[in-house]
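Enquirer: Sharing a structure, written as structure tokens. Questions coming.
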Amino acid sequence: MNDAFAFPYPIPEYGAEAYWAACNEERLVMQRCAACGKFRWHPSPLCTHCSDERFTWAPLSGRGKITTWTVITHPVHPAAVTRVPYVVAQIELDEQPGLNLISNLIDVDPDRIAFDAPVAVTFVTHPAGQKLPMFRLAR
Ligand SMILES: [Zn+2]
């Protein structure tokens with residue numbers, strides 16, 4: 001079995017279909033409340049700030065900073081055996097304080113990662129076809 005196919009990937013579910021469809025177009029979008037204007041993550045039927053139901057899918061710059069990270073060295077999933085070490089990071093997106101996305105940092109030496117380091121989104125295609133938002137250190 002191809003380990004890349006076995007590596008888990010997200011299955012779009014209710015409320016997140018537009019997010020994953022935009023990723024497949026290499027666009028990062030999130031719900032933006034039509035009442036208070038704040039972004040929210042994860043997709044939700046109600047604004048997490050003001051409880052309004054109305055929203056649009058608004059584009060994001062794809063830029064942010066590293067607020068925390070971990071280097072995975074032990075493959076807890078069989079498909080990760082050939083991928084370790086890899087980096088999982090929390091990215092605070094530039095559009096809003098506290099708007100955090102958990103993702104992978106790629107093409108990075110783990111020793112060069114620092115708090116508040118600027119990053120930019122890139123999209124990596126899973127062998128099953130879904131494009132996944134990941135981040136690289138910004139230059
Ligand atoms: Zn709101």
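Enquirer: Could you list all residues from segment 1-60 that are within 13 Å of the ligand (Cβ to nearest atom), polar (S, T, N, Q) and modelled with pLDDT under 95?
Expert: Ser44, Thr48
Enquirer: I would also like to ask the following. Considering only residues that are within 24 Å of Ala16 (Cβ to Cβ) and loosely packed, with under 13 Cβ neighbours inside 10 Å, look in segment 77-100 and name the one that is modelled with the lowest pLDDT.
Expert: Taking the candidates together, the pick is His77.
Enquirer: Please determine whether any residue of segment 74-90 is hydrophobic (A, V, I, L, M, F, W, C), more than 16 Å from the ligand (Cβ to nearest atom) and under 16 Å from Ala138 (Cα atoms).
Expert: yes
Enquirer: Can you spot a residue in segment 39-53 that is hydroxyl-bearing (Ser, Thr, Tyr) and closer than 23 Å to Thr125 by Cα?
Expert: no
Enquirer: For segment 103-118, state whether one or more residues are without any contact (Cβ under 8 Å) to a residue 24 or more places away in the chain and either in contact with a helix residue (DSSP H, G or I) (Cβ under 6 Å, 6 or more places away or on another chain) or within 20 Å of Ala22 (Cβ to Cβ) (or both).
Expert: no
Enquirer: Exactly one condition in (1) of a type outside the set (D, E, K, R); (2) in contact with a Lys or Arg (Cβ under 9 Å, 6 or more places away or on another chain); (3) surrounded by 13 or more Cβ atoms within 10 Å (Cβ to Cβ) is not met by Val29; state its number.
Expert: Result: Val29 passes all but (2).
Enquirer: What's the number of the condition Val87 fails, among (1) within 24 Å of Tyr9 (Cβ to Cβ); (2) without any contact (Cβ under 8 Å) to a residue 24 or more places away in the chain; (3) touching a strand residue (DSSP E or B) at 6+ places or on another chain (Cβ under 6 Å)?
Expert: (2) is the only condition that Val87 fails.
Enquirer: Separate question: State whether the residues of segment 52-60 include one that is of a type in the set (Ser, Thr, Tyr) and assigned to a loop (DSSP other than H, G, I, E, B).
Expert: No, the conditions are met nowhere in segment 52-60.
Enquirer: Also, quick follow-up: Looking only at segment 67-82, count how many residues are in contact (Cβ under 8 Å) with a residue 60 or more places away in the chain and within 17 Å of Ile102 (Cβ to Cβ).
Expert: Here the count works out to 2.
The values are calculated or read from the model by the stated rules, or taken from the named source; none is laboratory data. Keep in mind that what you see is a predicted model, and the values were worked out from it rather than measured. A quick note on method: Cβ atoms are made from the backbone with ideal geometry, for glycine too, and the neighbour counts reach across all protein chains shown.
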